[in-house]
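Novice: Sharing a structure below in structure tokens format, with a few things to ask.
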Amino acid sequence: MNRRSFLLSLAVVAAGGCSANRLRRAETRSLRVLTYNVHHGEGVDGRLDLDRIATVIRAASPDLVALQEVDRYARRTGGIDQTATYARLTGLHAWFGAAMPFQGGEYGQALLSRWPLQQPTVLPLPGTRGREPRIVVTAIVDIPRLGRIRLAGLHLDAGQDDGDRWTQAGALLQGLKSDSVRTLLAGDFNATPESRVMQRILAPGNGWVDTAGQWAAPTIPAESPKSRIDFVLASPPAAWQTLKSEVIPELAASDHRPVLVEISLPQH
């Protein structure tokens, strides 16, 4: 084979490889999913700064976001609708789910999405009377070329005793298995991977997988993380593949570090 023929052969092989790569990209698409306990916008420096939180979110360039500890019209955060503010600052669709009345307003969680959030719901979780109420917030998202998924955000009980978390884990397993919609469950579980609560949720047969994989890392406290309690879980496990997971090294904006997961799933 002369040099010209050899180079032509290489070009054909390269073109074939590029076509195969384009075909694979056409068949799959990645999603960037962020979970962040934002501590009502107050950083470890005591400064209330929603712009700072929004800057972290924008820099991560997520498609879907679950936020915990969000105020709506509460006095401690100036009586504003924090979810609406995050929507304005990030350019994402947003929805707020209230866990309880608080200081003249409400306190709960928010979901943000690059696409409209449909059928938003609040699933109350069981807990000891007199403790902070806990909920799961969910919404349906129709994603171009990927079809329909459910985004769910949660914030489990923070007590030293894990009794409420254990009960809440059982309730969410029941509440999120009523249909076949592919689901992402993201939030502050207030439980470490080795805890019986996370072991219960991730037990074989329950249909959930921890997307962090080999990139799993501590998320709290923000200044120097030692414990991992923030997760993005996916169901059913076979429908998702983690491309990368990262605990974003943000030290001041909140008392938690945000978790960003890039995942792919076959074309729907």
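Novice: Check S227: other-chain or 5+ apart residues with amide H under 5 Å from its amide H, H built from backbone geometry?
Specialist: Result for S227 returns T219, I220.
Novice: Find out how many positive minus negative residues lie around L112, taking Lys and Arg as positive, Asp and Glu as negative, among other residues whose Cβ is under 13 Å from that of L112. Could you put the intermediate results ahead of the total?
Specialist: On the way: positive: R32, R58, R88, R114; negative: D63.
Taking every Cβ under 13 Å from that of L112, the sum is +3.
Novice: Let me ask you something else. For segment 70-111, report the translational diffusion coefficient in µm²/s to the nearest whole number, using Stokes-Einstein at 25 °C, 0.890 mPa s, and a Kirkwood Rh over Cα pairs.
Specialist: Values: Rh = 10.0 Å.
D = 245 µm²/s.
Novice: Here is a follow-up. So what is the diffusion coefficient of segment 141-244 in µm² per second by Stokes-Einstein at 37 °C and 0.692 mPa s, using a Kirkwood Rh over Cα pairs? Don't skip to the answer; put the middle values down first.
Specialist: Values: Rh = 14.5 Å.
Approximately 227 µm²/s, per Stokes-Einstein.
Novice: Per DSSP H run of at least 4 residues, take -39500 (n - 2.57); add these up for the chain, divide by its residues and hand me the 222 nm value, nearest 500 deg cm²/dmol. Walk me through the intermediate numbers first.
Specialist: Values: 5 runs with 64 residues, N = 268.
After summing the helix terms and dividing by the residues of the chain, the value is -7500 deg cm²/dmol.
Novice: A further question on this structure: Let me cross-check K177: its accessible surface, 1.4 Å probe, with only protein heavy atoms counted, in Å² to the nearest 10?
Specialist: 130 Å²
Novice: Carbon and sulfur together cover what percent of the accessible area of the chain at a 1.4 Å probe radius?
Specialist: On the way: 6600 of 12480 Å².
C and S atoms contribute 53 percent here.
Novice: Can I ask one more? Amide H of L125: which non-local residues (sequence gap of 5 or more, or other chain) have their own amide H closer than 5 Å, using H built in the peptide plane?
Specialist: Excluding prolines and chain starts, which carry no amide H, the hits are R134, I135, V136.
Novice: Further question: With each label point set 7 Å from Cα along the Cα-Cβ vector, what nm distance links N206 and A238?
Specialist: Simple spin-label model gives 2.1 nm for this pair.
Novice: Could you provide, to the nearest whole Å², the per residue accessible area of segment 143-268 with probe 1.4 Å?
Specialist: Values: 5320 Å² over 126 residues.
About 42 Å² of surface per residue is accessible.
The values are calculated or read from the model by the stated rules, or taken from the named source; none is laboratory data. A quick note: this is a predicted structure, and the numbers were derived from the prediction, not measured. Using ideal geometry, Cβ is built from the backbone for each residue, glycine included, and neighbour counts are taken over all protein chains shown. Accessible surface is based on the protein model in full, side chains and every heavy atom, while ligands, DNA and RNA are left aside. Shrake-Rupley method; radii C 1.70, N 1.55, O 1.52, S 1.80 Å.
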